[in-house]
Amino acid sequence: MDLTFTAEEEAFRAKVRAFLDQKLPARLSHKVASGLHLSKADMEEWHAILNAQGWLANHWPREYGGPGWSAVEKFIFENECALAHAPRIVPFGVNMLGPVLIKFGTEAQKRYWLPRILDGSDWWCQGYSEPGAGSDLASLKTSAVRDGDHYVVNDQKTWTTLGQHANMMFCLVRTDKDAKKQEGISFLLIDMRTPGVEVRPITTLDGVHEVNEVFLTDVRVPVANLVGEEDRGWTCAKYLLTYERTNIAGVGFSMAALERLKQIAARQRKHGKPLAEDPLFAARMARVEIELENMKTTNLRVIAAVAGGGAPGAESSMLKIRGTEIRQELSSLTRRAMGPYAQPFVAEALEEGFEGPFVGPEYAASAASQYFNYRKLSIFGGSNEIQKNIISKMILGL
Ligand SMILES: Cc1cc2nc3c(=O)[nH]c(=O)nc-3n(C[C@H](O)[C@H](O)[C@H](O)COP(=O)(O)OP(=O)(O)OC[C@H]3O[C@@H](n4cnc5c(N)ncnc54)[C@H](O)[C@@H]3O)c2cc1C
C-alpha cells in the first residue's frame, strides 16, 4: 500500500487547481467561504461550468460522459474543490440517480435521463425517508398500485432535501404489501408537476428552508418510469446508498474549515492575546487537526484498497462517523471562537448583497447557523448510531 501521490497524480492536482483558478467564479467561492446561502441559480451555474469541462459526473463511465478518473483522482478533485471553496455538487441527480440508471436503467431511460442530469434540464430530489421509515427504511409504506400503464402513488415522503427546487423525484414505493419488508419495494421516477404532488417546507434549527415534506395523493406515474424490476427496487436503493456515502469523510471540507478556524483564532483576542495562543483553545484545535490527519490517512488506505481491486466495506462507516464528528467539532470551535458574536442570529446577513450592519466581525455571521445546520451530518446518509451497528457486526463480529 502506497499512500504518497505519484508524479502523475500531482500533475493532475495542478491541472485541477489551474481550472479552479480560472473557472470558479469569485462570487461563488466568496459565498461558500463565508457560509452565505447559495441560490438554485448559483448551484446550477457551478454545475454548468463543471459540465462544460466534462468533470460534473466524475464517477460515471466515459461512455456516459464521465472523465474516466481513478479513485485517487476523484479524491484529489473533491479536496481541491473544497479547499477552493467551490459549491458542492448537488448529489441527487449526478451522484445518486446517475449510477443507478447506468446499472439498472433500460437503454431508453439512460438515453433520455442521463443527458438531462448533465445539462441541468432536471433537478432531482430523493424520496426515500418517510415519517415512520428512516433508519429502518425498508418499513416504508408509500404505496404504488398498478392501473393500466400507470402506477397510482399515495402517502408521504419527508426530509426531502432541496425538493422545493426539484421537478423530478426518485422514489421508493411499496408495490407488494404482502411480501417481506425488503421485497415488494420498487424504484419510481416521479414528475413533481403531476397533480397530487404537494411540497411543504420544513424549517430547520438554523432557520433555513433546506428540507421538505412531500405529500402524494393519487399521483399517476407512467410504468415507463419504473427503474429495474417491479418489487426489486431494494437492490437499486442499496446500490444508490453506496454512492450516497461516497466522499462521506469530507476531508477537503474539514481542511478548508480548519484553515478558516485558524485564521479566525489568530484574529479573535482573549485576555489581550490572540485566541490561538490560549492553551485550552489551542489544545482543542490541535486535537481536531490530529484527528483530521488520521482520517485522511484512513481515507487514503480505503482508496488504495479500492485501487488494488478491493471494495470499500464497513470502513466507509468509520469514515462517516469520524468525518462528521470532525466537521461538527470544527463548527463548534468556530462558533466558540466568536464568543458572544456567535449569538445574534441575523438571517439576512447570510444572503448575498446584505449591507449590514453586522453584529461583530463579518466572518461571525454564519458561525451559529452553520453550527446548528451541521447537526444534520451525523443523522443523514445513515445515522452514526447505525454506522456503529455496522462496525460492530462487520468489523468486530459481534
Ligand atoms: C437535514 C436532513 C436531510 C435529509 N435529506 C433526505 C433526503 O433528501 N431524502 C431522504 O429520503 N431522506 C433524507 N433525510 C433523512 C435521513 O436519511 C434520516 O433522517 C435518517 O435515515 C434517520 O432516520 P429518522 O430521522 O427517521 O430517525 P430514526 O430512524 O427514527 O432514528 C432516531 C434515532 O434513533 C437511532 N436509531 C434508530 N435505529 C437504531 C438502531 N437500530 N440502533 C441504534 N440506534 C438507532 C438513530 O440513530 C437516531 O439517533 C435527511 C435527514 C436530514 C436530517
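The values are calculated or read from the model by the stated rules, or taken from the named source; none is laboratory data. Quick caveat: nothing in here was measured; it's all calculated off a predicted structure. Note: ideal-geometry Cβ built from the backbone for every residue, glycine included; neighbour counts use all protein chains shown. When the accessible area is computed, the model is the full protein with side chains, heavy atoms only, and any ligands, DNA or RNA have been set aside. Shrake-Rupley method; radii C 1.70, N 1.55, O 1.52, S 1.80 Å.
Structural remarks
- Subset of segment 33-50 (residues that are aliphatic (A, V, I, L, M) and at pLDDT 95 or above): Leu38, Ala41, Met43, Ala48, Ile49, Leu50
- Some residue of segment 220-229 being among the small types (Gly, Ala, Ser), over 30 Å from Pro344 (Cβ atoms) and open to solvent by 60 Å² or more (accessible area, probe 1.4 Å): yes
- Criterion violated by Val227 - all others in (1) within 15 Å of the ligand (Cβ to nearest atom); (2) among the β-branched types (Val, Ile, Thr); (3) touching a residue at least 24 places away in the same chain (Cβ under 8 Å) satisfied: (1)
- Segment 191-206, subset within 17 Å of Trp159 (Cβ to Cβ) and not charged (D, E, K, R), residue nearest to the ligand (Cβ to nearest atom): Thr204
- Evaluating Glu10 against the criteria (1) open to solvent by 40 Å² or more (accessible area, probe 1.4 Å); (2) within 21 Å of Phe170 (Cα to Cα); (3) in a helix (DSSP H, G or I) leaves one unmet condition, (2).
- Cβ separations smaller than 6 Å between residues 6+ apart or across chains give the following pairs from segment 146-161 residues that are within 11 Å of the ligand (Cβ to nearest atom) and open to solvent by 30 Å² or more (accessible area, probe 1.4 Å) to residues that are assigned to a loop (DSSP other than H, G, I, E, B) and modelled with pLDDT of 95 or more: Trp159/Ser129.
- In segment 106-138, the residue that is farthest from the ligand (Cβ to nearest atom) out of those that are open to solvent by less than 20 Å² (accessible area, probe 1.4 Å), within 27 Å of Val211 (Cβ to Cβ) and not hydrophobic (A, V, I, L, M, F, W, C) is Asp122.
- Selection from segment 169-180 of residues that are without any contact (Cβ under 8 Å) to a residue 60 or more places away in the chain, more than 10 Å from the ligand (Cβ to nearest atom) and in contact with a Phe, Trp or Tyr (Cβ under 8 Å, 6 or more places away or on another chain): Thr175
- The set of residues in segment 339-361 being part of a helix (DSSP H, G or I) and out of contact with any helix residue (DSSP H, G or I) (no Cβ under 9 Å at 6 or more places or on another chain) consists of Pro340, Glu348.
- Total residues in segment 235-270, condition open to solvent by 40 Å² or more (accessible area, probe 1.4 Å), farther than 30 Å from Arg284 by Cα and in contact with a helix residue (DSSP H, G or I) (Cβ under 7 Å, 6 or more places away or on another chain): 3
- Close pairs from segment 325-342: first within 19 Å of Glu293 (Cα to Cα) and open to solvent by 20 Å² or more (accessible area, probe 1.4 Å), partner not aliphatic (A, V, I, L, M) and not in a helix (DSSP H, G or I), Cβ under 8 Å, at least 6 apart: Arg327/Gly250
- Residue check for Pro361: more than 16 Å from the ligand (Cβ to nearest atom) and either touching an Asp or Glu at 6+ places or on another chain (Cβ under 8 Å) or open to solvent by 50 Å² or more (accessible area, probe 1.4 Å) (or both): no
- Qualifying residue in segment 69-91 (condition: in contact with a strand residue (DSSP E or B) (Cβ under 6 Å, 6 or more places away or on another chain), within 16 Å of the ligand (Cβ to nearest atom) and modelled with pLDDT of 95 or more): no
- Filter result for the condition that a residue is without any contact (Cβ under 8 Å) to a residue 60 or more places away in the chain, acidic (Asp, Glu) and surrounded by 15 or more Cβ atoms within 10 Å (Cβ to Cβ), over Glu289, Glu355, Glu348, Glu293: Glu289
- For segment 181-215, the tally of residues that are over 23 Å from the mean Cα position of the chain (by Cα) and open to solvent by less than 40 Å² (accessible area, probe 1.4 Å) stands at 6.
- Considering Ile303, Ile290, Ile326, Ile390, the condition of being assigned to a helix (DSSP H, G or I) and within 16 Å of the ligand (Cβ to nearest atom) is satisfied by Ile390 alone.
- Test: Asn51 is within 16 Å of the ligand (Cβ to nearest atom), touching a residue at least 24 places away in the same chain (Cβ under 8 Å) and open to solvent by 20 Å² or more (accessible area, probe 1.4 Å): no
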